[in-house]
Amino acid sequence: ASNSMKYILVTGGVISGIGKGVIASSLGTILKHCGLRVTSIKIDPYINIDAGTFSPYEHGEVFVLDDGGEVDLDLGNYERFLDVTLHRDNNITTGKVYQSVINKERRGDYLGKTVQVVPHITDAIQEWVEKVSQVPVDGDASQPELCIIELGGTIGDIEGMPFVEAFRQFQFRVKRENICVVHVSLVPQPSATGEHKTKPTQASVRELRGLGLSPDFIVCRSEKQIDESVKNKISNFCHVAPEQVICLHDAKSIYSVPLMLEEQRISHLLSDRLSLNIDAHRPRNFMKKWRDISSKDENLRTTVSIVLVGKYTQFQDSYASVIKSLQHAALGCNRKLILMCVEADDVEESSKETKPVKYHEAWQKVCKCDGILVPGGFGQRGMEGKIAVCKWARTTKTPLLGICLGLQAAVIEFARNVLGWKDANSQEMHPEGTRHVVIEMPEHNPGQLGGTMRLGKRQTIFKTHQSKVRQLYGNVDYVEERHRHRYEVNPKHVVDMEAAGMKFVGQDVDGERMEIMELDDHPFYAACQYHPEYLTRPLKPSPPYLGLILAASKKLDQYLARGCRMTPTETPESSDEDSPHMGNAMGRSDSIECGTCSPKSSVSSASTTSLTPSPKKHALNTQSSELPATN
């Protein structure tokens, strides 16, 4: 490893899902504001090769990267917080490591030796981390200076043992002064006693130390603020200085976390521990953007209501990037987002008889909202509900944005009710149908699900200037967005649809795949086959999502007439960059009502739109991806 490379390993104790990803991203954000080049790695101990075949209810959405990697949603969080572009190798799984070692054994690379967990698996993990940590992620050729590594799961899990052992060895491989361990642990507060209990954290740290890793910092997660006596007790029993016990209670927004960490001088402590020498390079307005964004988030009062009609709304992480994109767009429009999630099958006509209460409650939300979002998904369940909502939005002039399967639902609805093709359907939903307006892509291999979709960043060419979506993108000639789908609009029916008013304003480079659809004579009825939510950034919202929020706020026409600029009274406050390496890496949380699911903060990734012109000054480079289960 390079002598200048520094590593921060983030582990978790007591329970999973306590915010390791948010804390890891926040540490990286703080250090990037200090002028360091930061990359990140997420380790998932499951045996799956990648996250591509997961149900949304397993780990939330599947985040898609530029190179087509289907990865854990935490990598989306890293991209949004750090404003970087990661690669599929930044997500390490047990399956990838074992596959690599077994392939080497089959080739004879081990010269007949017995292949074992130690040293072969642990060596492979260390080599992978060293190699990936040096890959540039900032868009230039500069090697990162610091790598944040999040070890998924909980210390003590049997599947995570090889990784813990690998990092025990790794601290000697890269020298102890170049790596520090941050252990995130839960400090519960039972209602029966009303006091915080430190025993779970003590046991977790004891187990970590027994495995050969001594935490340099302990981050104590709690529902309410921890008092000084509890902090001193953890310091005393866990063998760390009191200032190295960092207390993080529940916050209104995950984007408050970097500020909470820096209030406890985490950047100074990390600088001392890793000899980062960043104190002298601290910008004058250090973390000003984060403070501004948090303040603005708390003070927004004008609301905009959006209904998300999806198939996996009981688990909000299933739409992590979609929700973040809506939040970023609402923030850009100076609106407080009120998000209501509706199960797609609740608005189907059959539900009127089987579950009438849910049916009427769902339609009440649809009828009252300012705008509608129809995200992606796979399978037949809920499809007729999505189609019904598309019809409502089209006939009532309600702003609508369809993503992936949402585009296909809008096309089917239009074919049935405008063109009069009552048998119009998708080949995915009804393979035996007679009129498929949505068909399977020829290169898809139905015998193998993993990695066989149309994945990653691809180019979409605009075919006309008469397009609101094109204007939102800055009137460029093409955009690059992330894809994840197996089915597409049938090109045989495009001429008939366009003649009736449904315009396919964006197509792939060959002109064969329909990428962007807009409807004539409608305030905003648009859909795209790609997933723009994977490239969103807090201060650079995805253009399609921004269009939806603007239309829902009745500001879209005014915004476009001003050349895609807010009015002076609506322009968000701007500030100078905090550091030469720091991009827009802030976000917000909003009021979310999600059907039967309880509101929870989800770390998402989103879609960015960087107006970086090509040599001809006509190209827009954006990124977008798909939901964990999106077609």
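The values are calculated or read from the model by the stated rules, or taken from the named source; none is laboratory data. Worth saying up front: this structure is predicted, and the values here are computed from it rather than measured. A quick note on method: Cβ atoms are made from the backbone with ideal geometry, for glycine too, and the neighbour counts reach across all protein chains shown. Heavy atoms of the whole protein, side chains included, go into the accessibility calculation; ligands, DNA and RNA do not. Shrake-Rupley method; radii C 1.70, N 1.55, O 1.52, S 1.80 Å.
Table for the structure above
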| item | result |
| --- | --- |
| Meets criteria (open to solvent by less than 30 Å² (accessible area, probe 1.4 Å) and either acidic (Asp, Glu) or in a strand (DSSP E or B) (or both)) for Ile148 | yes |
| Val118 among the β-branched types (Val, Ile, Thr), in a helix (DSSP H, G or I) and modelled with pLDDT of 95 or more | no |
| Test: residue in region 233-246 that is among the β-branched types (Val, Ile, Thr), in contact with a Ser or Thr (Cβ under 9 Å, 6 or more places away or on another chain) and not in a strand (DSSP E or B) | yes |
| First in region 326-348 and on the phi > 0 side of the Ramachandran plot, second anywhere and not in a helix (DSSP H, G or I), Cβ under 7 Å, 6 or more apart | Asn334/Leu300; Asn334/Thr302; Asn334/Glu570; Asn334/Pro572 |
| Conditions (1) in a strand (DSSP E or B); (2) free of Cβ contacts under 8 Å to residues at least 40 places away in the same chain: number failed by Val309 | (2) |
| Criterion: over 22 Å from the mean Cα position of the chain (by Cα), hydroxyl-bearing (Ser, Thr, Tyr), open to solvent by less than 10 Å² (accessible area, probe 1.4 Å) and farther than 26 Å from Val64 by Cα - qualifying residue of Ser295, Ser267, Ser275 | Ser267 |
| Complete set of residues in region 464-494 that are assigned to a loop (DSSP other than H, G, I, E, B) and within 14 Å of Arg513 (Cβ to Cβ) | Arg486, Asn490 |
| Of all residues making up region 327-348, the number that are of a type in the set (Val, Ile, Thr) and either in a strand (DSSP E or B) or over 16 Å from Leu308 (Cα atoms) (or both) | 2 |
| Filtered residues of region 374-412 (kept if among the aliphatic types (A, V, I, L, M) and touching a strand residue (DSSP E or B) at 6+ places or on another chain (Cβ under 7 Å)) | Val374, Val389, Ala393, Leu400, Leu401, Ile403, Leu407, Ala409, Ala410, Val411, Ile412 |
| Subset of region 11-57 (residues that are out of contact with any helix residue (DSSP H, G or I) (no Cβ under 7 Å at 6 or more places or on another chain) and either without any contact (Cβ under 8 Å) to a residue 12 or more places away in the chain or assigned to a loop (DSSP other than H, G, I, E, B) (or both)) | Ile15, Ser16, Gly17, Ile18, Gly19, Leu36, Arg37, Asp50, Gly52, Thr53, Phe54, Ser55 |
| Matching residues in region 259-311 - criterion: being acidic (Asp, Glu) and out of contact with any helix residue (DSSP H, G or I) (no Cβ under 8 Å at 6 or more places or on another chain) | Glu263, Asp272, Asp292, Glu298 |
| Candidates Ile372, Ile412, Ile403 - the one that is open to solvent by less than 10 Å² (accessible area, probe 1.4 Å), touching a Leu at 6+ places or on another chain (Cβ under 7 Å) and either at pLDDT 95 or above or among the β-branched types (Val, Ile, Thr) (or both) | Ile372 |
| Pairs with Cβ under 7 Å, 6+ apart, first in region 108-136 and closer than 17 Å to Lys175 by Cα, second open to solvent by 20 Å² or more (accessible area, probe 1.4 Å) and of a type in the set (A, V, I, L, M) | Glu130/Ala1 |
| Pairs where the first residue, in region 417-428, is within 15 Å of Arg394 (Cβ to Cβ) and the second is part of a helix (DSSP H, G or I) and of a type in the set (Val, Ile, Thr), C-beta under 7 Å, 6+ apart | Ala424/Ile412 |
| Qualifying residue in region 349-368 (condition: surrounded by 21 or more Cβ atoms within 10 Å (Cβ to Cβ) and part of a loop (DSSP other than H, G, I, E, B)) | no |
| Subset of region 199-232 [β-branched (Val, Ile, Thr), open to solvent by 10 Å² or more (accessible area, probe 1.4 Å) and closer than 30 Å to Phe163 by Cα] | none |
| Checklist (1) free of Cβ contacts under 8 Å to residues at least 40 places away in the same chain; (2) more than 22 Å from Asp157 (Cβ to Cβ) applied to Tyr255, failing item | (1) |
| Top-ranked residue in region 151-174 [being over 14 Å from Met5 (Cβ atoms) and in a loop (DSSP other than H, G, I, E, B); ranked as most open to solvent (accessible area, probe 1.4 Å)] | Asp157 |
| Arg435 vs. criteria over 27 Å from the mean Cα position of the chain (by Cα) and either open to solvent by 40 Å² or more (accessible area, probe 1.4 Å) or modelled with pLDDT of 90 or more (or both) | yes |
